[in-house]
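Okay, structure first, notes after.
The values are calculated or read from the model by the stated rules, or taken from the named source; none is laboratory data. Quantities reported herein were computed from a predicted structural model and do not represent experimental measurements. Cβ placement follows ideal geometry from the backbone for every residue including glycine, while neighbour counts extend to all protein chains displayed.
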Amino acid sequence: MTPVTTAEELHVGHGGGTPPPRDGGNGGRGDGAGGGMAHSVPLRAYYLGLSLGLVSILMFFMALVSAYLVRKGRGDWQPLPVPQILWATTAILVTSSLTVEKARKRLAEGSREGFRVWWGVTTLLGLAFLGGQWMAWMQLREAGVFLATNPSSSFFYLLSGAHGVHVIGGVLALAAVFVRRQYRRVTQAAAAEMASIYWHFMDLLWVFLLLLLVLGR
Amino acid sequence: MTTQAHEAHAHGHAHAAPTGFIRKWIFSLDHKVIGIQYYLLALVAVFVGMFLSLYMRINLVWPNMELPLVGTMTPEKYLALLTMHGTIMVFFVLTTAPQSGFGNYFLPIQIGAADMAFPVLNMLSFWFTFVSFAIMLAAFFVEGGAPISGWTGYAPLSAVGEIAGPGLGMGQTLWVVSIVFFCAASLMGALNFITTLIDLRVKGLTLMRMPLTCWAWFVTAVLGLLAFGVLAAAGILLLLDRHAGTSFFIPGGLVISDKLIPHSGGSPLLWQHLFWFFGHPEVYIAILPGMGVASHVLSTFARKPIFGYRAMVFAMCAIGIIGFGVWGHHMFQSGMNPYTAFAFSLLTMGIGVPSAIKTFNWLGTLWGGQIRFTTAMMFAIGFVSLFVSGGVDGLFLAQPSVDRGLHDTYWVVAHFHLIMGVAAIFGIFSATYFWFPKMFGRMLNETLGKIHFWITFIGVYCIFMPMHYSGMQGQMRRYPDSTGIGFLSELQPIQQFITYAAFVTLGAQLLFLLNFVWSLWRGERAPMNPWRATTLEWIIPSPPPHDNFAGNVPSVYRGPYEFSVPDQAEDFLPQHLTPAEVGAQNGKK
């Protein structure tokens, strides 16, 4: 199924002082001929909205990370050995970023089935990541390391937990794109692209957090 | 990734007018309804906040009285009133009405759009705010009552729980949960505002032709997007300290009520840093929309273009950017490195520069203008006066050495009330008197409005100016009762004067409420453009139809403040008139 190409976007004035050609309106009074459509939101607005959302999520994590870095710098820091399973979950997450791109490529080539297969794989890998993270938590519990055990355990659970919550949101987005048949405001390709941008962001964020937790101990 | 290469345009979805009471007035997607919902929420909140402050002022003069709804006043109850007063006013009034209220209503219209970019997200933001407010109010009714740790919620007091005082159990938890909801709501709103402004402007409306109200809402939204995530993080950490046994903020060795608190390793300073990193941009969020409204209203009623439009834009952006670098000035007395304090101090004073640019430009706008003293105009002029008063006394606090004596005194109380509790409120009042006709199709009564203005204007100066003196004399803030303190007893007459002034001023707000409610039903019918203003909201009916421009989207041909342009028939040129239409208008005269 090829993406639908629709009419030209609502023009947004970017030129300086050149007056644009006259439209059919008569100053907004009465029912003008020509004039604009009812609420048309250009596609790029959805991408901008997504980027802004990612900025705010980034600020949230940077607040946690800065708290972590400052606390870590104090003398009584006891580094926490990172559960080995995290290397596996990281590999799963990175792989899922590759599979999501594969899915999008299939969609662009017109292969609906290919898209669904790879998109489904991505979603399952996302769930596997979450499962693996949960297992890491269980392993820590078994070793007697809980949220409140010491500052480094607190930050570990906090950072991995906050990230996990956002990944759950990402999995829901992936699932939504998977099951949805009808698209009104955006196309399926655009929705898939936006979900994948969010997914890559979560992947990169996790790699960053893991390196933070592992390095400089 | 080529995002714009393929289909560039989302299939335009017709935003059909909803039917049914619930879809129309409760779970509405219409930015105008949502804007009014926010405004009404803020209106309820401001009266709750004023009621709390009234009780505070009564206690300061007549301590430990028996009062309705509160019982016998105690110091702890005073602290609870103070905490909730600050929280409700800052979040549910000053962060809500100017941005989410007026911004939601007028940003889309002023840029020629039919609605916000994401109407469903908009509706969600309001209902998250509503839930946040409900949770906050619930804190009054749980066992132990409302928290006593101030709107700033400093740890460890806010983190250790009930043992440290009433309201610090369930009340404090509800406070934190409410704040986290509020953060989510604000982030969603900020995202919506920025996207709408960037992507939904009509043809001809370049960024530098936007009304200054839009610029203010834009900068405010950027600040909100960057700041509220940090507050959310702080809130999560606080909840974990309170309920999961962590010690992000709680140091070791605390003994409270003879009990050793089983936490250790945390830092109260961490809370302060996280809170104020949010908290300082927050106060610019509270004031910037008021600055936008002041510029807009002053220009309209002086019949003159705003003096220095570009400088005004630059100044708002500068205030926003520098505003992220000054949070340490709330922590001068925390034992910080004096060189760090020096840096924060320089930046804080530096913010005075763009603020002064704006002030001089407002004065320049008035200078030589044909001023029409409507109530909206008077509140805008009052805004400038109070912004100067509240801003200048901040410069004193910006010196760490001076702050040493003034920190936590009534000087600080005077400062933030003048700039937030008054100037920002005057911005809201100006916007109300200005835009009420458009929103509700009725005029507010100008006589009642002028009485409201004068009593309020004189009243707030009577309330807050004397606080500078009492602060300098050592009157501490957040103290419920200073009557027993020797060196402060001579200040009691001032406390009394302030309380009486507060009674009168608060009473005048009832006049406003009366005017508001009465005019909704009995006000004179408003024409389309009662103020002969230039921006796009004045070319649609009062009140506007569901999709604002009724399908007849205008284009913009000029800037927003073309007043008294030479050799024109009219003293204002609306943004949407084509050059040919202007020519025809001139030709007739």
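Descriptive notes on the structure:
- Just one residue in the set B:VAL177, B:VAL160 is more than 8 Å from chain A (Cβ to nearest Cβ), β-branched (Val, Ile, Thr) and in a loop (DSSP other than H, G, I, E, B); that residue is B:VAL160.
- When residues in segment B:537-572 are screened for being within 14 Å of another protein chain (Cβ to nearest Cβ), touching a helix residue (DSSP H, G or I) at 6+ places or on another chain (Cβ under 9 Å), under 18 Å from B:GLN585 (Cβ atoms) and among the polar types (S, T, N, Q), 0 of them pass.
- Count of residues meeting criterion [over 19 Å from B:TRP175 (Cβ atoms), crowded, with 18+ Cβ neighbours inside 10 Å and more than 11 Å from chain A (Cβ to nearest Cβ)] in segment B:235-280: 3
- Count of segment B:197-220 residues, restricted to those that are more than 8 Å from every other protein chain (Cβ to nearest Cβ), of a type in the set (Ser, Thr, Tyr) and closer than 24 Å to B:VAL553 by Cα, is 1.
- Residue that is in a helix (DSSP H, G or I) and within 14 Å of another protein chain (Cβ to nearest Cβ), where the choices are B:GLY171, B:GLY189: B:GLY189
- Counted as qualifying within segment B:11-121 are the helices (runs of 4 or more DSSP H) with 1 or more residues that are touching an Asp or Glu at 6+ places or on another chain (Cβ under 8 Å) and within 25 Å of B:PHE228 (Cα to Cα), namely B:31-61, B:104-110.
- Test: residue in segment B:525-536 that is out of contact with any Phe, Trp or Tyr (no Cβ under 7 Å at 6 or more places or on another chain), in a helix (DSSP H, G or I) and within 14 Å of chain A (Cβ to nearest Cβ): yes
- Breaking point among (1) more than 23 Å from B:ALA117 (Cα to Cα); (2) more than 9 Å from chain A (Cβ to nearest Cβ); (3) assigned to a loop (DSSP other than H, G, I, E, B), for B:GLN575: (1)
- Long-range neighbours under 6 Å by Cβ, at least six apart or interchain, first residue under 15 Å from B:LEU346 (Cα atoms) within segment B:306-327, second outside any helix (DSSP H, G or I) and small (Gly, Ala, Ser): none
- Set B:ILE428, B:ILE381, B:ILE458: member being β-branched (Val, Ile, Thr) and free of Cβ contacts under 8 Å to residues at least 24 places away in the same chain: B:ILE458
A quick yes/no check of all residues on (1) away from every other protein chain (no Cβ under 12 Å); (2) loosely packed, with under 14 Cβ neighbours inside 10 Å; (3) in contact (Cβ under 8 Å) with a residue 12 or more places away in the chain:
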residue: A:TRP137; (1), (2), (3): yes, no, yes
residue: A:ARG141; (1), (2), (3): yes, yes, no
residue: A:HIS163; (1), (2), (3): yes, no, yes
residue: A:PHE178; (1), (2), (3): yes, no, yes
residue: A:ARG184; (1), (2), (3): no, yes, no
residue: A:LEU209; (1), (2), (3): yes, no, yes
residue: A:LEU213; (1), (2), (3): yes, no, yes
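- Near pairs, Cβ below 9 angstrom, 6+ apart or cross-chain, from segment B:342-357 (under 13 Å from B:GLN399 (Cβ atoms)) to any residue that is acidic (Asp, Glu): B:SER345/B:ASP403
- All told, A:LEU107 falls short of being within 30 Å of B:GLY189 (Cα to Cα), within 14 Å of chain B (Cβ to nearest Cβ) and not charged (D, E, K, R).
- Of the residues making up segment A:47-62, those that are more than 14 Å from A:HIS166 (Cα to Cα) and at the interface with another protein chain (Cβ under 7 Å from one of its Cβ atoms) are A:TYR47, A:LEU48, A:GLY49, A:LEU52.
- Qualifying residue in segment A:20-38 (condition: at the interface with another protein chain (Cβ under 7 Å from one of its Cβ atoms) and modelled with pLDDT of 50 or more): no
- Some residue of segment B:198-219 being assigned to a helix (DSSP H, G or I), more than 30 Å from B:LEU366 (Cα to Cα) and modelled with pLDDT of 95 or more: yes
- Criterion violated by B:LEU223 - all others in (1) within 14 Å of another protein chain (Cβ to nearest Cβ); (2) free of Cβ contacts under 8 Å to residues at least 40 places away in the same chain; (3) of a type in the set (A, V, I, L, M, F, W, C); (4) surrounded by 20 or more Cβ atoms within 10 Å (Cβ to Cβ) satisfied: (2)
- Considering residues of segment B:416-448 that are of a type in the set (Gly, Ala, Ser) and buried (at least 24 other Cβ atoms within 10 Å of the Cβ) only, the residue nearest to the chain's Cα centre (by Cα): B:ALA424
- Those residues of segment B:409-443 which are small (Gly, Ala, Ser) and within 15 Å of B:GLY292 (Cα to Cα), in sequence order: B:ALA423, B:ALA424, B:GLY427, B:SER430, B:ALA431
- Verdict on B:PHE453 being farther than 19 Å from B:LEU406 by Cα, out of contact with any Ser or Thr (no Cβ under 8 Å at 6 or more places or on another chain) and in a helix (DSSP H, G or I): no
- Failed criterion for B:PHE228 (all others in (1) more than 21 Å from B:MET336 (Cβ to Cβ); (2) in a loop (DSSP other than H, G, I, E, B) hold): (2)
- Members of segment B:472-502 found to be hydroxyl-bearing (Ser, Thr, Tyr) and part of a helix (DSSP H, G or I), listed by number: B:SER489, B:THR499, B:TYR500
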